[in-house]
Structures are given as C-alpha cells and as structure tokens.
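The values are calculated or read from the model by the stated rules, or taken from the named source; none is laboratory data. Predicted, not measured: the structure shown is a model, and the values here were computed from it. Virtual Cβ from ideal backbone geometry, glycine too; neighbours counted across all protein chains shown. Only protein heavy atoms, including side chains, enter the accessible area calculation; ligands, DNA and RNA are left aside. Shrake-Rupley method; radii C 1.70, N 1.55, O 1.52, S 1.80 Å.
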Amino acid sequence: MLSRKLSIVFIFMVFIYGAVQANTPTPKTTQTKMFPSVVETTIKRGQNRSMGEISFLTPFKQQSAKIHFFNYIGKRSNIGGAEFNLGYGTRTIRNDAVHGYYGFFDVRRTPSTNTFYQLTLGREKLSKNFDYRINGYVPLSGKKSMSNAVRSKSIVETSGGGMSVVSDHYEYPMGGNDLEVGKKFSAGSREIGV
C-alpha cells in the first residue's frame, strides 16, 4: 500500500516537473545568479501543546525572473504528532509581486500513531504589503482505527493544511481547501504582519 502511494507521489512530481519544463522557454541570455537556499525554524510554545518546525527551500533552476524550487518541511509536537511535507513549486516576479504555484506530498502521524497521506496543490501571490495563498487538499488515506488508550470524544485536529477528524473511535483525513491572507501594517517605525 505504501509503495503504491509513493508511486503516485513520484508520478505526480514528474508530471508537475514535465509540465513546467514543456511550458518554459529556454533563456537566450546568460544565466543569472541563483537565489540562495533558505532555512527557517519555528518554535511555538503553548500551555497544552508546543510545536517545532524546520523548513528548507532550495531553488534548483532559475530563468531571469522565474525560479523552480523544492521545499522540505518537518513538524513535531510534544504530545506525539509529526508531519513531513515534500513540495515542488515555481515563483515568478511580475508587476512588483511574486506569483507562485506549488504541489506537496504530505505525511502526517497523529498522536494516536496513525499515519495519513495527502496531496496539497496551491497558488500564491506575495507582495511587499499583501500576501495570499489558496490551497486544495486531496486525502490519499482512508479511515483508521484508534487504540483504546487514545480514544476520546469527537474532535477535529489541524496541522498546517492537514486535518483529521476523530469520531466513533476512528480517525480519517479530510479534503478541502483554504485561503490564507496577510497584510503588513506600519506602527510608527515598526512593521506588523497580520
């Protein structure tokens, strides 16, 4: 079952890469310097739950105002859940904004030790003062039983774009979409992002 899912992910990544290559003209000018790789870490502390995250974004191809990149993200919680995301995307600079498309293969292990898989497809527009992203989620896993030790009332858990529902002693992933919007405000000499 796992090898079938990994095969689907591999075909998905090859398809995305091929589609981008087929629609990308060969640059006639000399290659400009590649954007650098970026590593980000985040720690979120809470009363009941704390999380850590590391993200590694690395460009592998660049043409004038367009880059192709891979993004690896790992997340872990102190109450037992973990998530790993492997993504491919493109970003193009047009009209003082960055326009991007991306696809991710997500693996999530819940605190009840079930593992779920999903695909995430998205589009983004990032500018100096305004950002938005729209994402769609496609579950690749089905309903799974929970052990007696972790069964509880019906709840919905979220982690990034991943969602799972716990109901009647089962967990299952949910598909769907979301919209993220951000705006930068100035407060005197400080800039605040919301």
Q.
Any residue at all in the stretch 104-114 that's charged (D, E, K, R) and closer than 22 Å to residue 169 by Cβ?
A. yes
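When you go through 113, 120 one by one, which is the residue that is among the β-branched types (Val, Ile, Thr) and open to solvent by less than 20 Å² (accessible area, probe 1.4 Å)?
120
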Q: Considering each residue of the stretch 39-81, count those that are part of a strand (DSSP E or B), open to solvent by less than 90 Å² (accessible area, probe 1.4 Å), farther than 23 Å from residue 101 by Cβ and out of contact with any Ser or Thr (no Cβ under 9 Å at 6 or more places or on another chain), and give that number.
A: 0
(Q) Could you tell me how many of the residues in the stretch 86-98 are open to solvent by less than 30 Å² (accessible area, probe 1.4 Å) and either in contact with a helix residue (DSSP H, G or I) (Cβ under 9 Å, 6 or more places away or on another chain) or modelled with pLDDT of 95 or more (or both)? (A) 4
